[in-house]
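Q: Sharing a structure with you now.
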Amino acid sequence: MKLLIGTDAWEPQVNGVVRTLQATISDLQSRGIEVAVVHPGQFRTMGLPSYPDIRLAMVTSRGMRHMLETSAPDSVHIATEGPIGWALRGACRAANWRFTTSYHTRFPEYLSARAPVPERWSYAMLRRFHAPAATTLVSTERMRGELRERGFRNLGIWSRGVDVELFRPRDLSVLDLPRPIFITVSRLAVEKNIEAFLKLDLPGSQVVVGDGPQAAELRTRFPKAHFLGMKSGEELAAIYASADVFVFPSHTDTFGIVMLEAAASGLPVAAFPVPGPIDVMGNSAAAVLDNDLHKACMAALKIAREECRAFALRHSWSAATDQFLSSMAMRDGKSFKQAIASPGPERDRAFIDA
């Protein structure tokens with residue numbers, strides 16, 4: 001079985017979309033599924049206006065169709081709505097191939113926070129993009145309900161997981177700062193609402209991990225906070241485990257994998273009671289959700305780290321990958337399950353390729 005994934009979000013970007021794709025691809029490959037990725041690093045690119053670190057691929061549907069026919073995948077998934085997503089969508093439609101898509105980001109809300117563009121215009125564009133997909137995957141039931149109300153159809157669930165081996169409680173702290181230590185891990189951009197965290201009058205220390213277009217401004221406005229820059233892997237995991245409370249101030253994230261990473265590291269979560277935190281943490285004993293973020297932070301200090309770890313252990317990437325696979329459509333219109341269950345040469349080919 002060969003799957004092709006097209007994405008405008010890829011390394012060296014560090015964000016939830018990239019983390020999700022990397023974890024899912026790793027799990028798919030462990031199951032014997034061949035995965036090819038079409039990403040910006042394969043094309044000439046230009047920087048996104050106001051955010052040059054995000055590279056936009058200069059690609060056409062015609063060029064993408066040649067790549068698609070050469071690769072000849074059994075199934076195609078389009079992960080993002082950028083230039084690669086549009087080009088791959090056009091190529092699949094021209095070839096009359098079925099495909100699936102996913103909705104990771106509240107793009108209309110992000111755009112309206114940066115420019116005077118009505119959200120309804122952006123949602124109209126996104127409805128058009130996803131309309132031909134066999135299934136559009138979203139991370140939570142709440143997100144599926146919201147998109148249904150906005151006219152989206154054929155919506156499926158693709159949840160998220162956490163690497164509990166990497167993100168785990170540790171005995172040694174790498175943060176030599178006054179306690180309690182309140183930490184957030186995020187792209188530093190206006191839509192992430194980081195200043196809501198930094199404006200809080202909290203005891204101890206406030207730590208920010210991440211980078212982005214708002215980094216310089218936030219460093220200047222909040223000199224008492226500790227900005228550690230972009231971190232990943234073992235270094236990031238050790239930083240999580242060295243803090244006391246994870247603060248998630250975003251109002252716009254569709255999920256928030258960082259909350260699971262924090263919980264797996266033994267950190268209680270403080271957040272606003274909005275989609276994302278409600279869906280991920282819910283009424284768990286690992287978080288405090290309150291419209292008063294200061295109150296949530298202080299209450300979270302009372303949560304036992306063992307409660308947080310136990311909550312995270314219930315969220316595996318394997319279960320999320322099962323959801324992903326159950327929604328995949330073969331290019332000829334059959335489902336993934338139909339392909340591996342069909343009799344004769346097609347079934348044999350599916351198993352041999354896998």
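The values are calculated or read from the model by the stated rules, or taken from the named source; none is laboratory data. Remember, predicted model here, so these are calculated numbers, not experimental data. Using ideal geometry, Cβ is built from the backbone for each residue, glycine included, and neighbour counts are taken over all protein chains shown. Note: areas computed on protein heavy atoms with side chains; ligands, DNA, RNA excluded. Shrake-Rupley method; radii C 1.70, N 1.55, O 1.52, S 1.80 Å.
Q: Condition first: assigned to a loop (DSSP other than H, G, I, E, B) and surrounded by fewer than 17 Cβ atoms within 10 Å (Cβ to Cβ). Now tell me which residues in the stretch 137-153 satisfy that. So that I can check it myself, show each step before the final result.
A: So in the stretch 137-153, the residues assigned to a loop (DSSP other than H, G, I, E, B) come out as 139-140, 150-153.
Listed by number, the residues that qualify are R150, G151, R153.
Q: Which of (1) over 25 Å from Y240 (Cβ atoms); (2) open to solvent by less than 30 Å² (accessible area, probe 1.4 Å) does F197 not meet, given it meets every other one?
A: (1)
Q: Another question about this same structure. Got a number for residues in the stretch 1-34 being among the aliphatic types (A, V, I, L, M), within 19 Å of A87 (Cβ to Cβ) and not in a strand (DSSP E or B)?
A: Here is the first cut: in the stretch 1-34, the ones among the aliphatic types (A, V, I, L, M) are 1, 3-5, 9, 14, 17-18, 21, 23, 25, 28, 33.
Those still in the list that are within 19 Å of A87 (Cβ to Cβ) too: 3-5, 9, 17, 21.
Right, trim to not in a strand (DSSP E or B) and you get 9, 17, 21.
Total satisfying the criteria: 3.
Q: Quick check: anything in the stretch 110-127 farther than 21 Å from V14 by Cβ, in contact (Cβ under 8 Å) with a residue 60 or more places away in the chain and open to solvent by 10 Å² or more (accessible area, probe 1.4 Å)?
A: No: the stretch 110-127 contains no residue that is farther than 21 Å from V14 by Cβ, in contact (Cβ under 8 Å) with a residue 60 or more places away in the chain and open to solvent by 10 Å² or more (accessible area, probe 1.4 Å).
Q: Go through (1) under 26 Å from T105 (Cα atoms); (2) in contact with a His (Cβ under 6 Å, 6 or more places away or on another chain); (3) open to solvent by 10 Å² or more (accessible area, probe 1.4 Å) one by one and return the number of the condition I257 breaks.
A: (2)
Q: Being open to solvent by 10 Å² or more (accessible area, probe 1.4 Å) and not in a helix (DSSP H, G or I) is the filter here, so list the residues in the stretch 230-247 that pass it.
A: M230, K231, S232, D244
Q: Tally time: how many residues in the stretch 261-298 are open to solvent by less than 20 Å² (accessible area, probe 1.4 Å) and either polar (S, T, N, Q) or closer than 17 Å to G210 by Cα (or both)?
A: Total meeting the criteria: 3.
Q: Considering only residues that are buried (at least 18 other Cβ atoms within 10 Å of the Cβ), closer than 16 Å to T7 by Cα and out of contact with any Asp or Glu (no Cβ under 8 Å at 6 or more places or on another chain), which ones fall in the stretch 17-32?
A: Of everything in the stretch 17-32, those that are buried (at least 18 other Cβ atoms within 10 Å of the Cβ), closer than 16 Å to T7 by Cα and out of contact with any Asp or Glu (no Cβ under 8 Å at 6 or more places or on another chain) turn out to be V17, R19, T20, L21, T24.
Q: Would you confirm, using the coordinates I've provided, whether G156 is open to solvent by less than 70 Å² (accessible area, probe 1.4 Å), farther than 30 Å from P268 by Cβ, out of contact with any strand residue (DSSP E or B) (no Cβ under 7 Å at 6 or more places or on another chain) and outside any helix (DSSP H, G or I)? Please lay out each step first, then the result.
A: Working: open to solvent by less than 70 Å² (accessible area, probe 1.4 Å): yes; farther than 30 Å from P268 by Cβ: yes; out of contact with any strand residue (DSSP E or B) (no Cβ under 7 Å at 6 or more places or on another chain): no; outside any helix (DSSP H, G or I): yes.
So G156 does not fit the description; no.
For (1) farther than 22 Å from R93 by Cα; (2) modelled with pLDDT of 90 or more; (3) touching a strand residue (DSSP E or B) at 6+ places or on another chain (Cβ under 9 Å), each residue gets a yes or a no:
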{"site": "C308", "(1), (2), (3)": "yes, yes, yes"}
{"site": "M328", "(1), (2), (3)": "no, yes, yes"}
{"site": "D332", "(1), (2), (3)": "no, no, no"}
{"site": "F351", "(1), (2), (3)": "yes, no, no"}
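Q: Considering only residues that are modelled with pLDDT of 90 or more and assigned to a strand (DSSP E or B), look in the stretch 47-78 and name the one that is surrounded by the fewest Cβ atoms within 10 Å (Cβ to Cβ).
A: A57
Q: Within the stretch 169-194, take every residue that is within 20 Å of the chain's Cα centre (by Cα) and open to solvent by 30 Å² or more (accessible area, probe 1.4 Å) and give me the one that is nearest to V258 (Cα to Cα). Before you say what the answer is, go through the steps one by one.
A: The first filter runs over the stretch 169-194 and keeps only residues within 20 Å of the chain's Cα centre (by Cα), leaving 183-194.
Remaining after also requiring open to solvent by 30 Å² or more (accessible area, probe 1.4 Å): 187, 190, 193.
Working: R187: 11, V190: 18, N193: 15 Å.
Looking at residues that are within 20 Å of the chain's Cα centre (by Cα) and open to solvent by 30 Å² or more (accessible area, probe 1.4 Å), I get R187.
To keep it simple, each residue is scored yes or no on (1) surrounded by 15 or more Cβ atoms within 10 Å (Cβ to Cβ); (2) over 30 Å from T321 (Cα atoms).
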residue	(1), (2)
G161	yes, no
A216	no, yes
R219	no, yes
A225	yes, yes
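Q: Just give me the residues in the stretch 79-109 being of a type in the set (G, A, S), within 19 Å of the chain's Cα centre (by Cα) and not in a loop (DSSP other than H, G, I, E, B), in sequence order.
A: Within the stretch 79-109, G85, S102 qualify.
Q: Being free of Cβ contacts under 8 Å to residues at least 24 places away in the same chain and charged (D, E, K, R) is true for just one of R31, R19, R55. Which residue is that? Break it down into steps so the answer makes sense when it comes.
A: Working: R31 fails: free of Cβ contacts under 8 Å to residues at least 24 places away in the same chain; R19 fails: free of Cβ contacts under 8 Å to residues at least 24 places away in the same chain.
After applying the criteria, what remains is R55.
Q: Going through the stretch 173-212 one residue at a time, which ones are assigned to a loop (DSSP other than H, G, I, E, B), touching a helix residue (DSSP H, G or I) at 6+ places or on another chain (Cβ under 8 Å), farther than 30 Å from D27 by Cβ and of a type outside the set (G, A, S)?
A: Of everything in the stretch 173-212, those that are assigned to a loop (DSSP other than H, G, I, E, B), touching a helix residue (DSSP H, G or I) at 6+ places or on another chain (Cβ under 8 Å), farther than 30 Å from D27 by Cβ and of a type outside the set (G, A, S) turn out to be L175, L200, D201, L202.
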